[in-house]
Amino acid sequence: MSRFADIVLPLAQPTYCFSVPEGAEGEGVRVGDAVAVQFGPRNIYTGIVWRLHDERPAVKRIKPIGRRLYDRPLLDEKQMRLWEWMADYYMCTLGEVMRMALPSLIKPQGTSAEEFSEEMFHPRTEAYVALAEAWQDGEALQVELDRIRRRAPRRVELLEQIAAFDKAKLNAAGEIPRRLLECDSSQLSALRKAGYVVVNQRERTIERNENISFITPLLTPAQQRVVADIHTSQREGKAVHLLRGITGSGKTEIYMSLIAEVLARGGDVLLLVPEIALTAQLIERMERIFGSRVTAYHSKLTSLRRTETYLRLLHSEGGELVVGARSALFLPLRHLQLVVVDEEHDQSYKQSDTAPRYQGRDTAIVLASLYGGHTVLGSATPALESYANAQWGKYGYSELLERYGEATPPRIIISDTMRSVKRGERRTHFNQVLLNAIGEALERGEQTMLFQNRRGFSPFVQCSSCGWTLRCPHCNVTLTLHRSADRMECHYCGYTAPVPRACPQCNTVDVKPMGFGTEKVEEAIAELFPTARVARLDRDTSTSESAYNRIIGSFQSGQTDILVGTQMITKGFDFGKVSVVGVLNADNLLNSPDFRSSERAFQLMTQVAGRAGRRDSEGVVIIQTSEPDNPVIGWVARGDYEAMARCELADRHAFCYPPYSRLLQLTLREENPTLLRQGALALADRLREKFGRRVAGPVAPPIDKIRGQYLVRLMLKIENGSSLSRARTLLREVLATFHAESEFKTINIAIDVDAQ
Ligand code: ADP
Ligand code: ZN
Ligand code: ZN
């Protein structure tokens, strides 16, 4: 038996060594187990046993590990390798991976043993019913039933129900879930007392119909070709296959067919979707085919639900389909054979705000290959990184460029805002062309979606005489006017203030809302079309999952005519009656300073456009812009992904941006801007000693103060062909000595590998 255990704690700390108690207590401790450990004077944490060994560390007192929390390890060998890969690649600690990867209830903590125990997860149990042993023999039971039939007809009825119960719905022990029995509790307890049945409390399991065959949609020849391509690339040993399929081409049907294959042979599948697109709609579509095999997993579920799911999967025999957001990557899917990443270009796959700052798509690929499985990436507008990998032959690649069935791609109209203004053909935020299209759609009983990528009423208010604007005291941004809440709000820190009635600088009362967000669009469109039913979908209106589903549901059932919204309306919905889609202001998509802005603008507008005319009606997409000649607008109008990719990739190549390099971004944060500046310059100097011209900065990010802290950035650009892992090692060394210097100790440094 090993005497020591290295333990990962849910903290930004290295692993710590604990002793394994001798005798029964320490018996059977395994790598991957969750154990209670005392850490610091008063805290008890859940830790993961990472390594068992006999090397006594050079410290005086070594605390023993406490009890094991679950009957089997929470992590298997492959999950542990995944965590290690993440900690190394994304430059964080295993503890930070643990904090993010495991649902909070699964890893209790407390300041005393009692508090720790209180926090512990108790699985939901349920009653299961079976015939008592003496009555399992059918003949004996029949005789008995006949004997008591006259005296106790209700009893007989219930016993017959139990005896004839559908075998497919029994649990693994051959028992009937109580909730599926039609009887009341007094009837059941009478049977139990009379010795006819036994009732056991057990953890809830889901019924599995073993020999189920899945009926997936019949694929079109074009779709079948894609499936064949994917098989070929699996056979050729390519770990990843990229599918570029336009909106409405039936990517989901292709996934279904791949999923059915894997489930039928007992493998697990993970279907990743961007959080926001994880709607009841998609889950239902999957459940219609895969029934109880489907498990949804995302951040909106309670920690209890997520914990139950995690622990249930630990015992699974395979054949699971998890539909989830990026956090589903950390579930124990021991029979994983296929990971599908839908809308793989979506930015929300990257966690940027806290460590580990990981890219879910890339992590998915690593995960699948650890299990010897395959990854399928799907998108109408693949990320250039993925597309380049396909072009370079690293990934398999297929295209699906026709819509399913009668549906035709929408007609795209570019509407020049400046020209409309000159001709007097613009009312508030709408060019006449768009208004006409909306009016006609309303007359035909068809629906409209209007996209504006800003929430709130207007992004700032301004004094019309001196130009004063109201800014956040903690962040370097203007406050957004939210009219329905009647207040000003900071979109970075949540600070709120009353709406100013007069300018504090010159006392002018003429303080005007400037620019426009979804709230203002909603108001303006309702004024222009007073009989139309208008709704809005953005973060402010969808504060809960039910609010979100209500808005979507009412649009889907035709109770809403016009839906105004942010990015939220662009993802994955399949509405049949949308014939008009309006992009209200393409300019603010085109003009962001990021090197990815063209790619992003193209992806976003193409996604929005894809919502139009999905079935029988021909759709029209109207893009309002003051830059009709911008190449991005042209690519969107022609649906020319390849031209976009060619042009952008040439630019990226010229400036050595991804996919021709990897970016390591350092964000330095500190209250004192002078100290921050000095620190950033000092760090930049040291980095230049090691990395030379690969270092860029320091530069202030577009928003250089958030929550009272100033920000400065440094960037390392590691060109393809030179070692990223060597770069990480050097960076670690530089940071270690930098932090050791007292004058810059207060500067917080966040590392973002493959920053987006
Ligand atoms: P995508 O995910 O590529 O945007 P979907 O999978 O949502 O496309 O398909 C668009 C529509 O066409 C959906 O309503 C879907 O049910 C239908 N569809 C696509 N392929 C088939 C098929 N092979 N059989 C039946 N319906 C299909
Ligand atoms: Zn003023
Ligand atoms: Zn703020």
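The values are calculated or read from the model by the stated rules, or taken from the named source; none is laboratory data. Keep in mind that this is a model prediction, so the values were computed, not measured. Note that each Cβ is placed from the backbone with ideal geometry, even for glycine, and that neighbours are counted across all protein chains shown. Surface areas here come from the heavy atoms of the whole protein model, side chains and all, with no ligands, DNA or RNA. Shrake-Rupley method; radii C 1.70, N 1.55, O 1.52, S 1.80 Å.
Computed quantities for the displayed model
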read-out: Leu676 assigned to a helix (DSSP H, G or I) and buried (at least 20 other Cβ atoms within 10 Å of the Cβ); value: yes
read-out: Verdict on Ala485 being of a type in the set (A, V, I, L, M), more than 29 Å from the chain's Cα centre (by Cα) and away from ligand 1 (no atom under 16 Å from the Cβ); value: no
read-out: Test: Val433 is more than 33 Å from the chain's Cα centre (by Cα), within 16 Å of ligand 3 (Cβ to nearest atom) and either closer than 15 Å to Lys512 by Cα or not in a strand (DSSP E or B) (or both); value: no
read-out: Subset of region 486-499 (residues that are within 16 Å of ligand 3 (Cβ to nearest atom) and surrounded by 12 or more Cβ atoms within 10 Å (Cβ to Cβ)); value: Arg487, Met488, Glu489, Cys490, His491, Tyr492, Cys493, Tyr495, Thr496, Ala497
read-out: Restricting region 319-363 to residues that are polar (S, T, N, Q) and closer than 26 Å to Arg72 by Cβ, the residue that is least open to solvent (accessible area, probe 1.4 Å); value: Thr363
read-out: Test result for Ala164, open to solvent by 70 Å² or more (accessible area, probe 1.4 Å), more than 30 Å from Thr15 (Cα to Cα) and of a type in the set (A, V, I, L, M); value: yes
read-out: Some residue of region 621-641 being open to solvent by 10 Å² or more (accessible area, probe 1.4 Å), within 22 Å of Met449 (Cα to Cα), β-branched (Val, Ile, Thr) and in contact with a helix residue (DSSP H, G or I) (Cβ under 7 Å, 6 or more places away or on another chain); value: no
read-out: Residue count, region 15-58 (criterion: under 32 Å from the mean Cα position of the chain (by Cα) and either surrounded by 13 or more Cβ atoms within 10 Å (Cβ to Cβ) or of a type in the set (S, T, N, Q) (or both)); value: 18
read-out: Residue within region 62-70 that is part of a strand (DSSP E or B) and more than 30 Å from His335 (Cβ to Cβ) present; value: yes
read-out: Test result for Ala532, at pLDDT below 90, over 18 Å from Phe457 (Cα atoms), among the hydrophobic types (A, V, I, L, M, F, W, C) and away from ligand 2 (no atom under 16 Å from the Cβ); value: no
read-out: Residue check, Leu75 over 30 Å from Leu159 (Cα atoms) and in contact with a Gly (Cβ under 6 Å, 6 or more places away or on another chain); value: yes
read-out: Hits in region 561-610 - residues which are open to solvent by 10 Å² or more (accessible area, probe 1.4 Å), closer than 21 Å to Tyr404 by Cα and assigned to a loop (DSSP other than H, G, I, E, B); value: Lys571, Gly572, Asp574, Gly576, Lys577
read-out: Tally of residues being under 19 Å from Cys475 (Cβ atoms) and either small (Gly, Ala, Ser) or open to solvent by less than 30 Å² (accessible area, probe 1.4 Å) (or both) across region 501-527; value: 2
read-out: Residue match in region 508-516 (condition: without any contact (Cβ under 8 Å) to a residue 40 or more places away in the chain, within 30 Å of Cys466 (Cβ to Cβ) and not small (Gly, Ala, Ser)); value: yes
read-out: Pairs where the first residue, in region 533-544, is at positive phi and the second is surrounded by fewer than 16 Cβ atoms within 10 Å (Cβ to Cβ), C-beta under 9 Å, 6+ apart; value: none
read-out: Residue in region 259-269 that is under 19 Å from Asp346 (Cα atoms) and touching a helix residue (DSSP H, G or I) at 6+ places or on another chain (Cβ under 9 Å) present; value: no
read-out: Tally of residues being within 22 Å of Asn585 (Cα to Cα), part of a loop (DSSP other than H, G, I, E, B) and either within 16 Å of ligand 2 (Cβ to nearest atom) or open to solvent by less than 50 Å² (accessible area, probe 1.4 Å) (or both) across region 453-485; value: 7
read-out: Counted residues, region 196-211 - those being at pLDDT 90 or above and outside any strand (DSSP E or B); value: 1
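Residue-by-condition table, conditions (1) basic (Lys, Arg); (2) open to solvent by less than 70 Å² (accessible area, probe 1.4 Å); (3) in a helix (DSSP H, G or I); (4) within 16 Å of ligand 2 (Cβ to nearest atom):
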residue	(1), (2), (3), (4)
Arg713	yes, no, no, no
Ile718	no, yes, no, no
Ser725	no, yes, yes, no
Thr729	no, yes, yes, no
